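Step one of this worksheet: look at the structure below.
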Amino acid sequence: MTPPRGNAAAQTAFTAALASGSLHHAWLIAGPEGVGKASFAKQAGAMLLGEDARHAPLIAANSHPDFKLIVREVWDTSKPPRIVPYADRKGDEIPARSIRIAQIRSLLPILGKAPALASRRAIIIDSIDDLEPPASNALLKNLEEPPASTTFLLVSHAPGRLLPTIRSRCRLLRFEALGDADMTAAVRDAQPEASAAEIDALVAAGEGSPGRALRYAGLDVAGLDAAIAGIAADGDPANARRVKLAKALSGKAAQPRYEAFLERVPAFIARAARDRRGAALTAALDAHAAARDLAGAAVGLSLDPQATVYEMAGLVARLRG
């Protein structure tokens with residue numbers, strides 16, 4: 001496996017601990033979303049199992065008896081819906097809201113046994129932030145009394161929200177946002193046919209997160225950002241830009257760009273607020289709160305995209321005042 005770009009110090013800390021033979025039983029891999037934490041966790045889990053040609057295909061299908069990847073379940077849209085096996089996922093299924101306690105309890109039969117094919121066992125949870133409260137308590141019991149030859153690799157985007165008792169039993173690996181050079185390399189690795197201008201736009205939009213940047217691939221995020229900035233610059237007094245943007249982002253074919261717009265506007269307003277003081281800062285903060293709430297409700301409540309874009313653009317226009 002190719003190691004994820006950036007965060008060399010964190011990756012080296014783990015490999016050094018593995019080489020020393022004094023590996024902690026639980027690692028909290030924490031940092032911003034989309035910076036390679038899950039990729040590294042899977043790679044680290046494979047390293048724990050050692051070099052064996054049998055491991056790779058089983059790991060890829062999440063069917064290796066000594067490599068367990070716990071993620072939110074996804075359901076298909078049949079009636080009644082069913083859980084889709086990990087190896088059969090296509091990416092368009094309905095994700096569960098959390099990782100259930102039953103998923104953590106499913107580990108119990110194997111944790112009391114020796115590893116089946118390797119000398120060690122890896123348990124990866126991506127992400128531990130998604131555990132429902134009973135699942136967190138069930139996991140804690142395993143961290144308090146760690147099974148022999150088992151290493152837990154716990155991915156977290158918000159470690160401060162975890163149970164203190166979980167954090168205290170883990171060694172922390174801190175992942176940071178990537179610099180521009182690593183971001184450019186990561187985006188180019190994933191989008192080798194993209195133009196230099198598109199890569200630059202994705203790097204800027206990703207703000208240190210390759211995962212976020214790649215979600216915007218093919219969506220002309222530079223054009224979205226230019227439209228948002230134009231509305232903020234003059235307030236769009238005739239509403240012409242708002243109307244044009246609302247029409248462009250409505251319709252089923254525009255759904256990916258519409259969702260990108262919903263992400264970009266709150267981030268744009270937040271950046272604008274950093275340079276403001278007094279009443280201007282208050283206005284920007286109010287606009288940010290309203291944009292964040294509207295973006296959160298838009299998809300979940302199936303709000304009309306054209307009306308939503310028009311309203312969201314109106315919040316951006318407040319920055320002109």
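Percent relative contact order of the stretch 195-246, based on C-alpha pairs within less than 8 angstrom and at least six residues apart?
Taking the mean separation of contacting Cα pairs over the length of the stretch 195-246, I get 24 percent.
Hey, if you put +1 on the Cβ of every Lys and Arg and -1 on every Asp and Glu Cβ in the chain, which of S127, A197, A61 ends up farthest toward the positive end of that dipole?
S127
Which residue, R212, R169, R105, has the most motion in a Gaussian network model of the chain that connects Cα atoms within less than 10 Å?
Evaluated over the chain, the most mobile residue of the options is R105.
Give the calculated FRET efficiency between D200 and E263 to the nearest 0.05, with a Förster radius of 22 Å applied to their Cβ-Cβ distance.
0.70
Pull out the extension gain between W75 and D52, defined as 0.36 nm times the separation in residues minus the alpha carbon to alpha carbon distance; nm, one decimal.
5.0 nm
Out of all DSSP beta bridges with both ends in the chain, state the antiparallel percent to the nearest 5.
Values: 3 of 23 bridges.
Within the chain, antiparallel bridges account for around 15 percent of the total.
What ³J(HN,Hα) values, in whole Hz, does the Karplus curve 6.51 cos²θ - 1.76 cosθ + 1.60 give for the stretch 294-304 when θ = phi - 60°, with x put for Gly and Pro?
The phi angles translate into 5, 4, x, 8, 4, 7, x, 9, 6, 5, 4 Hz.
When the chain is treated as a GNM, springs tying every alpha-carbon pair under 10 Å, which of N62, N137, N239 comes out with the largest mean-square fluctuation?
N239
Ignoring everything except DSSP H segments at least 4 long, calculate the 222 nm mean residue ellipticity for the chain; use -39,500 (n - 2.57) per segment, divide by total residues, nearest 500.
Details: 15 runs with 163 residues, N = 321.
That comes out to -15500 deg cm²/dmol.
Once phi is turned into θ = phi - 60°, what whole-Hz ³J(HN,Hα) does the Karplus curve with 6.51, -1.76 and 1.60 give for every residue of the stretch 38-43, x standing for Gly and Pro?
5, 4, 5, 4, 5, 5
Amide H to amide H under 5 Å from A26: which residues, 5+ apart in sequence or cross-chain, H placed 1.01 Å off N in plane?
Counting only residues 5 or more places away or on other chains, the set is F152, R171.
How high is the relative contact order of the stretch 4-157? Use alpha-carbon pairs under 8 Å, at least six apart in sequence, and give a whole percent.
The normalised contact order for the stretch 4-157 reaches 32 percent.
Return the carbon/sulfur percentage of the accessible area of the chain, one whole number, probe 1.4 Å, all protein chains in place.
Carbon plus sulfur share of accessible area: 54 percent.
Under the Karplus relation 6.51 cos²θ - 1.76 cosθ + 1.60, θ = phi - 60°, what is the ordered set of whole-Hz ³J(HN,Hα) values for the stretch 13-22, x standing for Gly and Pro?
4, 5, 5, 5, 5, 5, 5, 6, x, 10
With the other protein chains left in place, how much accessible area per residue, in square angstrom, belongs to the chain at a 1.4 angstrom probe? Walk me through the intermediate numbers first.
Numbers: 16270 Å² over 321 residues.
That works out to 51 Å² for each residue.
In whole percent, what relative contact order does the chain give with Cα contacts below 8 Å and a gap of six or more residues?
Contact order relative to length: 19 percent.
Looking at the chain as a GNM with Cα springs under 10 Å, which of D129, D220, D182 has the largest mean-square fluctuation?
D220
The values are calculated or read from the model by the stated rules, or taken from the named source; none is laboratory data. Source: prediction; values computed, not measured. As a convention, Cβ positions derive from the backbone with ideal geometry for all residues, glycine included, and neighbour counts pool all protein chains shown. For accessibility, only protein heavy atoms count, side chains too; no ligands or nucleic acids. Shrake-Rupley method; radii C 1.70, N 1.55, O 1.52, S 1.80 Å.
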